[in-house]
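No lab work stands behind these numbers, since they all come straight from the coordinates. The structure presented is a predicted model; accordingly, all values stated were derived computationally and were not measured. Ideal geometry is used to build each Cβ from the backbone, glycine not excepted, and the neighbour counts take in all protein chains shown.
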Amino acid sequence: MNLIHSRAYKIIKRYVGKAIHRYDMINDGDRILLGLSGGVDSFILLWILNERKKRILIDYELIAVFVDPGFDDQFGKKIETYCKANEFHLLIDHTDYGLRAHSTENRENPCFLCSRLRRKRLFEIAAKYGCKKIALGHHKDDIIETLFINMCYSGAIGTMVPAQSFFKNEFQIIRPLAFVEQETINRFAKEIGFPVLTNPCPSANNSKRSEIKKLLTQLYKTNKNIKSNIFNSMSNVNTEYLLI
């Protein structure tokens, strides 16, 4: 399709640029590992960061990595097929993290353990390939949902941030889609024909995140400003009115 006529593309391009500039996410010569999950969010992030290189003055390298949790070999092969067709540099790392997280040996939340193991593996792969930055496809809705997950299930106020340093600044996780809503991402994915893959994880539709998502969806229906108000409140915190 002609991107000039895509309103979703224009919104994504504007907000990705805003996030990158505000948090100084990407600089000339950066080598960036991009965590590819197989969802449209990470596909969009890979596509937009590759497309962005063609219209800006700085240059950076992207290495897409899919940490396969071990549920279904065909899922990884479909991701590989898409990346080859679009000439994206992809690495597939085969693990049993998902199977371990859902085994009887695991006493933790399956999503928590699987996510922690995959995140640890991304840091290891980033170190191996000399990538100081790790780009993840989390968007505005993810950030809001994480805030509510932490409040409801961890008793803490906190969420994912657009850019965060780890291990004494050895690595930085960046989230260029931080200001983009999921609805806009989904709309653009349909317009441009991104593959729609079914997540083989048995907890995909039965997680704490899915519960919070349903709750927020109902809340948003009552007032169109609620989502933006929640998101903006995270940078407008009045500590005098908190129990600290």
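Structure values in brief
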| item | result |
| --- | --- |
| GNM flexibility winner over the chain from C152, C114, C83 (Cα, springs under 10 Å) | C152 |
| Cross-link partners of K10 among lysines (Cα-Cα below 19 Å; sequence separation of 8 or more within a chain) | K18, K53, K54, K140, K190 |
| Efficiency of FRET between C152 and K120 - r from beta-carbon atoms, R0 22 angstrom, step 0.05 | 0.30 |
| Length-normalised contact order of the chain in % [C-alpha pairs under 8 Å, at least 6 apart] | 24 percent |
| Amide N of the stretch 85-118 lying under 19 Å from the label point, which is placed 7 angstrom from the Cα of K78 along Cα→Cβ | 85-88, 90-95, 98-99 |
| Residue-count net charge about R118 - beta-carbon cut-off 13 Å; Lys, Arg +1, Asp, Glu -1 | +1 |
| Charge tally in the Cβ shell below 10 Å around H138, where Lys, Arg are +1 and Asp, Glu are -1, H138 excluded | -2 |
| Given [x] 48; [y] 62; [z] 57, the label whose value is percent of Cα pairs over 22 Å apart derived from this model | [z] |
| For the stretch 117-203, projected area of the alpha-carbon convex hull averaged over all directions, nm² | 7.6 nm² |
| Cα-based equivalent ellipsoid, the stretch 39-100: semi-axes from gyration tensor eigenvalues, Å | 26, 11, 10 |
| Label-point separation, N238 to N205 (7 Å along Cα→Cβ), nm | 4.2 nm |
| Net length gained if the chain between R31 and N223 were fully extended (0.36 nm per residue, minus Cα distance) | 64.9 nm |
| Charged-residue dipole, Cβ positions (Lys, Arg, Asp, Glu), the chain about Cα centre, Debye nearest 20 | 600 debye |
